[in-house]
1. What ranking, highest mean first, results for peptides 100-112, 121-133, 83-95 when packing means the other Cβ atoms within 10 Å averaged over each residue?
2. Which whole-Hz ³J(HN,Hα) couplings does the stretch 64-77 yield from phi under the Karplus relation 6.51 cos²θ - 1.76 cosθ + 1.60, θ = phi - 60°, glycine and proline marked x?
3. Roughly how big is the stretch 86-134's charge dipole about its Cα centre, with Cβ charges of +1 (Lys, Arg) and -1 (Asp, Glu), in debye to the nearest 20?
4. Residue-wise, which Karplus ³J(HN,Hα) couplings in Hz belong to the stretch 111-122, taking 6.51 cos²θ - 1.76 cosθ + 1.60, θ = phi - 60°, and x for glycine or proline?
5. Where a Cα-Cα gap under 17 Å defines reach, which aspartates and glutamates qualify for LYS105, not counting those fewer than 8 residues away within the same chain?
Amino acid sequence: MKSLYLRLAGIFLLGLVVLLASAAFGQKESSGSSTNNKTNFQKGQLLKIDYVPDLGKTSEKAAYLFTIQDGASQYVGHYTLNYFQHDRSKAMTKGEAVEYRIDGKHLIVKTPNDEEIKMRLCDQKANCVKCGSAVFCGVE
């Protein structure tokens, strides 16, 4: 009976070592590509920051639309804050050069003190901006 327990413990430990080794190798491969993406910032100009509160959402302290120009391309991001977050938009100035990157459905902008502001990337249609379910028209 004792040898059965020793065999089971040995098999369990061997399986655990194989599982941890495969997880370590898999994580090492995937971390290289995401690290490269996180350092791949582009330069643009912050055209404007519009305050766009959603009065229907009581959990939000503030919301802004950031517009960034990079050559012929223009990107708009919707930055929302709840009451427990620090407003990093105050560190940004209209017209200044900024570093930004696109990560899936997010626009990430670096502040002058190297903090990152992560916001939802929006679609522009004529005079309106669509950010998820929120639509903003005629924002100046």
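Values quoted throughout were computed directly from the atomic coordinates according to the rules given, and no laboratory measurement underlies them. Here the structure is a predicted model, which is why all the values come from computation and not from measurement. Methodologically, a virtual Cβ is constructed for each residue, glycine included, from the backbone with ideal geometry; neighbour enumeration extends over all protein chains shown.
1. Taking the mean over residues of other Cβ atoms within 10 Å, the ranking is 100-112, 121-133, 83-95.
2. Listing the rounded values in order: 9, 10, 9, 10, 10, 9, 9, x, 8, 8, 10, 10, 10, x Hz.
3. Here the size comes out at about 280 debye.
4. So the J values, rounded to whole Hz, are 7, x, 9, 6, 8, 10, 10, 9, 9, 6, 6, 10.
5. Cross-link targets: GLU116, ASP123.
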